[in-house]
Amino acid sequence: MNRRPRLSIGIPVYNGESFLPSLLANLTSQTFRDIEIVISDNASTDGTAGICREWMQRDERIRYSRNPHNLGASANFNKVFTLAQAPLFKWAPVDDSYAPDYLETCVR
């Protein structure tokens, strides 16, 4: 991403392979497009890393960071927030989903 997006969506995740593909599909198809999706993987032991790398190839708005060891939930939440670049921020738990115009409505 060459410019600063309007909204950062932070996904702190640990072992989220069951939900992550659905969440990323949901977020990347939102009507509001001026986003970055920032994922902080807390040293997952499942297929989370591969899913994130695959989705980064599909959509340039996705950024992925993997912790070398589990930092604990609070520290991982803090990390994903510090990686965000946009003036607006939204948390996205890995098991959530949103209506297609959810982000557009929130930003408006």
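The values are calculated or read from the model by the stated rules, or taken from the named source; none is laboratory data. In this text, all values refer to a predicted model and were calculated from it rather than measured experimentally. Methodologically, a virtual Cβ is constructed for each residue, glycine included, from the backbone with ideal geometry; neighbour enumeration extends over all protein chains shown. What goes into the accessible areas is simple: the full protein's heavy atoms, side chains included, and nothing from ligands, DNA or RNA. Shrake-Rupley method; radii C 1.70, N 1.55, O 1.52, S 1.80 Å.
Of the residues LEU7, LEU83, the single one that is within 21 Å of CYS106 (Cα to Cα), open to solvent by less than 70 Å² (accessible area, probe 1.4 Å), in contact (Cβ under 8 Å) with a residue 24 or more places away in the chain and within 13 Å of the chain's Cα centre (by Cα) is LEU7.
Among the residues of the stretch 39-58, those identified as among the polar types (S, T, N, Q) and either over 17 Å from SER22 (Cβ atoms) or loosely packed, with under 13 Cβ neighbours inside 10 Å (or both) are SER40, ASN42, THR45, GLN57. Identify, please: which residue in the stretch 59-80 is of a type outside the set (D, E, K, R) and under 11 Å from the mean Cα position of the chain (by Cα) and is, among those, surrounded by the fewest Cβ atoms within 10 Å (Cβ to Cβ)? Across the stretch 59-80, the extreme among qualifying residues is SER65. Checked against (1) touching a Lys or Arg at 6+ places or on another chain (Cβ under 7 Å); (2) open to solvent by less than 50 Å² (accessible area, probe 1.4 Å); (3) closer than 23 Å to ARG6 by Cβ; (4) of a type in the set (A, V, I, L, M), LEU88 passes all but condition (2).
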